[in-house]
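The values are calculated or read from the model by the stated rules, or taken from the named source; none is laboratory data. Fair warning: this is a prediction, and the values are worked out from it, not measured in the lab. We place every Cβ from the backbone using ideal geometry, glycine too, and count neighbours over all the protein chains shown. Ligands, DNA and RNA are excluded from the accessible area calculation, which covers all protein heavy atoms including side chains. Shrake-Rupley method; radii C 1.70, N 1.55, O 1.52, S 1.80 Å.
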Amino acid sequence: MFVGGCNLESVEAVCDTKGDLDLDMLDGMASMVDKSLVQQVEQGKGESRFVMLETLREYALEKLEGSGEAALTKRAHAAYYLVLAEENATESSEAEGVGWLERLELENDNFRAGLEWLTETGNAEWGLRLGTALFRFWEVREYLAEGRTDWTGC
């Protein structure tokens, strides 16, 4: 599901959409790291990021599709990254410095995946909200082609 990695907060928000996993997410991620299914990468400020090899990620996506829970999980993923983008959009003032840019850059592939799913499902409202929240980031980083999806089919 996650593209380019994720942090523990995003795992908790996206991976237990039904609330029926009887598993502590930190323990679950630690187990995956121990089994070399996921790599733990230390970020600045004591934060960890979890990254899965692309071949394992593709296999996991196939299994998710087969489980019948892909749409619900992809919706949770898009919702999480929409909220993250909107929260960071309010922090994008000059006084905030480059911290917000770094946070958004780290999650840019996940924003793209969320926007792609929103486009595929015709969710124009969330898609426009996500594009609006990311506009300043795209402008500053000169990602001028981002968000230019044809929304006429929505």
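Tabulated data for the structure shown
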| read-out | value |
| --- | --- |
| Tally of residues being open to solvent by 40 Å² or more (accessible area, probe 1.4 Å) and closer than 29 Å to residue 135 by Cβ across the range 62-86 | 6 |
| Qualifying residue in the range 39-55 (condition: out of contact with any Asp or Glu (no Cβ under 8 Å at 6 or more places or on another chain), of a type in the set (S, T, N, Q) and under 18 Å from residue 130 (Cα atoms)) | no |
| Exclusive hit being in contact with a His (Cβ under 8 Å, 6 or more places away or on another chain) and either assigned to a helix (DSSP H, G or I) or at pLDDT below 95 (or both), set 71, 113 | 113 |
| Criterion violated by residue 95 - all others in (1) open to solvent by less than 70 Å² (accessible area, probe 1.4 Å); (2) modelled with pLDDT under 95; (3) not polar (S, T, N, Q) satisfied | (1) |
| Odd one out for residue 48 among (1) in contact with a Ser or Thr (Cβ under 8 Å, 6 or more places away or on another chain); (2) surrounded by 13 or more Cβ atoms within 10 Å (Cβ to Cβ) | (1) |
| Cβ pairs under 6 Å, 6+ apart, first in the range 100-122 and open to solvent by 60 Å² or more (accessible area, probe 1.4 Å), second aliphatic (A, V, I, L, M) | 109/3 |
| Residue 43 vs. criteria of a type in the set (S, T, N, Q), under 26 Å from residue 146 (Cβ atoms), out of contact with any Cys (no Cβ under 7 Å at 6 or more places or on another chain) and open to solvent by 30 Å² or more (accessible area, probe 1.4 Å) | yes |
| Test set (1) farther than 18 Å from residue 116 by Cα; (2) loosely packed, with under 15 Cβ neighbours inside 10 Å - residue 58 fails condition number | (1) |
| Counted residues, the range 13-39 - those being surrounded by 15 or more Cβ atoms within 10 Å (Cβ to Cβ) and outside any loop (DSSP other than H, G, I, E, B) | 6 |
| Given (1) over 30 Å from residue 136 (Cβ atoms); (2) aliphatic (A, V, I, L, M); (3) modelled with pLDDT of 95 or more, index of the condition residue 26 fails | (3) |
| Hey, residue 37 over 16 Å from residue 109 (Cα atoms), touching a Cys at 6+ places or on another chain (Cβ under 9 Å) and free of Cβ contacts under 8 Å to residues at least 24 places away in the same chain or not | no |
